[in-house]
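These notes concern the structure reproduced below.
The values are calculated or read from the model by the stated rules, or taken from the named source; none is laboratory data. None of these values were measured; they are calculated from a predicted model. Don't worry about glycine lacking a Cβ; one is built from the backbone with ideal geometry, like all the others, and counts go over all protein chains shown. Just the protein is used for accessible areas: all its heavy atoms, side chains included, with ligands, DNA and RNA removed. Shrake-Rupley method; radii C 1.70, N 1.55, O 1.52, S 1.80 Å.
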Amino acid sequence: MRPMLLAATTSLLAFAAACGANGEPTSASPQQAGAPVETRPANAPDQQPAFANQTRAPGVTTQRALAHTVVASGLVQPWGLAMLPDGRWLVTELQGRLRIVTADGQVGEPITGLPAVDAVGQGGLLDVLVGPTFAQDRMIYWSYSERREGGNATSVARGALSADGARVENVQVIFRAGPVYDGDKHFGSSLAFDPAGHLFITLGDRSDAPMRPQAQQLDSHMGKIIRINADGSVPADNPFVGREGALPEIWSIGHRNVQGVAIQSGTGAAWTVEHGTRGGDEVNLVEGGKNYGWPEVTYGIEYRGGPINGGITAREGTEQPVYYWDPSVAPGGQTFYSGPMFPEWQGNLLVAVLKDKHIARLVIEDGRVVGEERLLTDLGERIRDVAVAPDGAVWAITDEDNGKLVRLAAR
């Protein structure tokens with residue numbers, strides 16, 4: 001069914017002052033004074049964080065009143081969100097449709113020319129990204145689950161968006177994860193370009209117990225962060241280039257199911273967010289060649305109950321997450337905030353949250369989380385992806401059968 005334009009609806013959220021114009025604590029109301037926003041008992045109460053504020057950071061609040069507007073509805077399980085230079089939005093739908101939605105809520109017909117997706121379980125058409133050279137070549141990039149002999153796996157393609165926005169042309173598949181597995185879970189997958197033009201691709205471990213160990217194996221793409229050039233070639237400075245038995249596209253290992261990646265302004269560093277089991281959702285600063293532990297080291301417990309690998313949370317040779325949630329909130333996409341509307345949010349990490357239905361605003365100082373706020377809680381829908389417009393307003397899509405495009409702004 002063609003998505004309908006929904007008459008804009010607005011809801012107001014009022015918050016008290018808590019932080020200064022640059023996200024720094026104010027002398028009158030220190031951020032550290034706030035109680036954590038998470039009040040539920042942890043699934044793994046005996047596990048302890050490795051450092052202060054690694055979980056349940058102090059709660060912070062936004063200084064001004066906020067209002068959200070539902071701009072469009074009728075989207076079916078939207079997954080990825082990316083702004084075109086003219087202010088329109090590219091939105092993916094899991095079943096394989098890519099649409100353009102205008103800032104005033106006009107929803108276009110599906111864009112043609114995309115390769116077939118294997119829309120099964122958590123698989124389908126996933127993230128979408130506007131290329132850094134779009135002004136010259138109109139190139140866009142997208143990730144999707146692809147049916148192949150013996151099963152399926154995550155792939156990434158690129159193509160030129162036609163001038164009328166109706167189709168993609170000259171489509172090339174620039175990356176195919178392997179090995180193929182006949183499953184329906186943990187495909188990842190989020191995309192981001194760094195300032196040097198490297199494309200980061202996040203992948204999952206495919207969930208099932210027999211596949212988990214591959215997150216630690218260098219001959220498999222499963223449970224990895226991938227770093228390639230825009231044309232699919234491998235950067236010469238990737239950490240495993242030239243290592244026998246290692247796939248050269250790999251940037252980091254030991255991940256579970258990474259559905260968000262964002263590049264930090266100023267540093268160019270890639271930050272990711274991934275799903276844990278019952279507890280153990282992680283925010284990571286991913287560095288080349290590093291091991292982030294899964295499934296040997298993790299927070300949280302198994303879905304069925306009981307510890308994972310004896311409940312080990314730290315081991316030499318593995319990295320600690322910058323932040324984790326226990327119990328799980330189920331994180332989706334993420335972005336760093338940069339814009340004039342909320343100067344106090346500058347450099348904060350905004351994480352779309354599915355199960356707990358909000359946007360998590362994480363205040364980051366010196367590579368650590370020092371505060372957390374939950375935004376858009378009154379919408380009551382699973383937030384799949386989040387982006388920031390040039391005016392500083394925050395846009396989000398909701399992972400529902402009647403999915404929405406929502407704008408969050410200062411009132």
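A few comments on the model shown:
- Put a dot 7 Å past the Cα of Asp231, heading toward its Cβ, do the same for Gln95, and the two dots end up 3.8 nm apart.
- Solvent-accessible area per residue, Å², over the chain with all protein chains present [probe radius 1.4 Å]: 38
- Summing Lys and Arg as +1 and Asp and Glu as -1 over all other residues whose Cβ lies under 12 Å from the Cβ of Pro327 gives a net charge of 0.
- Interatomic Cα distance distribution for segment 318-398, bins of 10 angstrom, percent: 19, 50, 28, 3
- Among the listed values [x] 1.08; [y] 0.95; [z] 1.01, the one computed from these coordinates for Rg/Rh (Cα atoms, Kirkwood Rh) is [y].
- Listed residues Gly347, Gly266, Gly188, most fluctuating in the chain (Gaussian network, C-alpha, under 10 Å): Gly266
- Gaussian network model of the chain, springs between alpha carbon atoms under 10 Å - residue of Ile253, Ile301, Ile226 with greatest fluctuation: Ile301
- Extended-chain gain in nm, criterion 0.36 nm per residue less alpha-carbon gap, Phe51 and Asp391: 118.8 nm
- Segment 316-363 - Rg (one decimal) and Dmax (whole number), Cα, Å: 12.9, 43
- Theoretical FRET efficiency, 1/(1+(r/R0)^6), r = Cβ-Cβ of Ser162 and Ala116, R0 22 Å, to 0.05: 0.65
- If you plug the beta carbon distance of Asp378 and Ser265 into 1/(1 + (r/R0)^6) with R0 = 25 Å, you get a FRET efficiency near 0.25.
- Convex hull of Cα atoms in segment 135-195, direction-averaged projection (nm²): 5.4
- Protein heavy-atom surface of the chain, 1.4 angstrom probe: 50% of the accessible area is carbon and sulfur, with nucleic acids and ligands not counted.
- Pairwise FRET efficiency - Lys185 versus Ala314, Cβ, R0 = 25 Å, nearest 0.05: 0.40
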